[in-house]
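Please treat every number below as a calculation from the coordinates, not as lab data. Keep in mind that this is a model prediction, so the values were computed, not measured. For neighbour counting, all protein chains shown are included, and Cβ atoms are generated from backbone atoms with ideal geometry for every residue, glycine included.
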Amino acid sequence: ALLIRRAKEPAKGKLAIPGGFVDAGETAEEALRREVREEVGVEIDGVALLGTFVNSYPYRGVTYPVLDLSFTARVVDPENARPLDAVAGLEWRDPLAVDPDEWAFPSLRAGQVVLRQRGVTR
């Protein structure tokens, strides 16, 4: 999986998947494609919902309740992946092998559990 190292707080330096917030008028899938382009410069296809996860997001002294939507997808042009907006670095890793403490947010740990429950091997 293509993972990012976060360049900013919250969870600066921790692992995450490319993503962000949905803009007004966007579907979740449109937001996913836009965020992936903005953060790592690649296109994706084969988008499938992995699950939804309750989370919180601290920003400027306020902790917001959020609902994270996690997807699986295939990177169309992996050789073009590069760290862009708010990304300190990229790592191609097996998400099942990531130590849970390396994940930036509890929702990412929950996604790892769902992958295991579904018997995903890579």
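Some notes on this structure:
- Karplus-derived 3J(HN,Hα), 6.51/-1.76/1.60, for each residue of the stretch 5-15, Hz, glycine and proline x: 9, 5, 8, 9, 6, x, 6, 3, x, 8, 7
- Distant-in-sequence amide H partners of A88 (H built 1.01 Å from N, under 5 Å): R5, R6, A7
- Gyration tensor (alpha-carbon) shape descriptor, the stretch 3-63, a/c threshold 1.5: prolate
- Inter-label distance, nm, simple model (7 Å from Cα along the C-beta direction), R82/D101: 3.5
- Among the listed values [x] 42, 28, 28; [y] 49, 35, 25; [z] 37, 29, 28, the one matching Cα extents along the principal axes in Å as calculated from this structure is [z].
- Across the stretch 58-64, rounded Karplus estimates of 3J(HN,Hα) from the backbone phi angles (6.51 cos²θ - 1.76 cosθ + 1.60, θ = phi - 60°) give x, 8, 6, x, 10, 9, 9 Hz, Gly and Pro being marked x.
- Placing dummy labels 7 Å off each Cα toward the beta-carbon, the span from T52 to F21 is 1.9 nm.
- Karplus-based coupling profile of the stretch 70-87, in residue order and whole Hz: 10, 10, 9, 6, 10, 6, 5, 10, x, 5, 8, 5, 8, x, 10, 4, 6, 10, with θ = phi - 60° in 6.51 cos²θ - 1.76 cosθ + 1.60 and x standing for Gly or Pro.
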